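Here's the structure, in structure tokens; my notes come after.
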Amino acid sequence: MTQQTNTLSPSGLTLHDSVANEALFLLSFVVVFCVACAAQLLFVRWRSWFPGAESEKSLIKGVRAGVYTFLSHLN
């Protein structure tokens, strides 16, 4: 009989939960990034669509702020 151990990451999450959170962040980042790039190419002000991204100047920082705000609403 094998005994399964729950390894905890430094954040206190199990390894499975940590991988799931990273996958959710990556998927959310890609979706928001695609929307932001499309809006940027069409010269649309997209930062107001994502709370937290309004004050950011760069595309990546704005996308990251929008994703962090979205993920905080999931908890």
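Taking the residues in region 53-65 that are touching a Gly at 6+ places or on another chain (Cβ under 6 Å) and either touching a residue at least 40 places away in the same chain (Cβ under 8 Å) or closer than 23 Å to Ala23 by Cα (or both) as candidates, determine which candidate is surrounded by the most Cβ atoms within 10 Å (Cβ to Cβ). Step by step, filter region 53-65, then rank; the result is Ala53. Among the residues making up region 28-46, none is loosely packed, with under 11 Cβ neighbours inside 10 Å and in contact (Cβ under 8 Å) with a residue 12 or more places away in the chain.
Of all residues in region 33-70, those that are of a type in the set (Val, Ile, Thr) and assigned to a loop (DSSP other than H, G, I, E, B) total 1.
Flag: Val30 matches the condition of being in a helix (DSSP H, G or I) and either among the hydrophobic types (A, V, I, L, M, F, W, C) or modelled with pLDDT under 95 (or both).
Looking at this structure, is Glu22 outside any helix (DSSP H, G or I) and modelled with pLDDT of 90 or more? No.
The values are calculated or read from the model by the stated rules, or taken from the named source; none is laboratory data. From a predicted model like this one, the values you see are computed outputs, not experimental measurements. Glycine also receives a Cβ, built like all others from the backbone with ideal geometry; neighbour counts cover every protein chain displayed.
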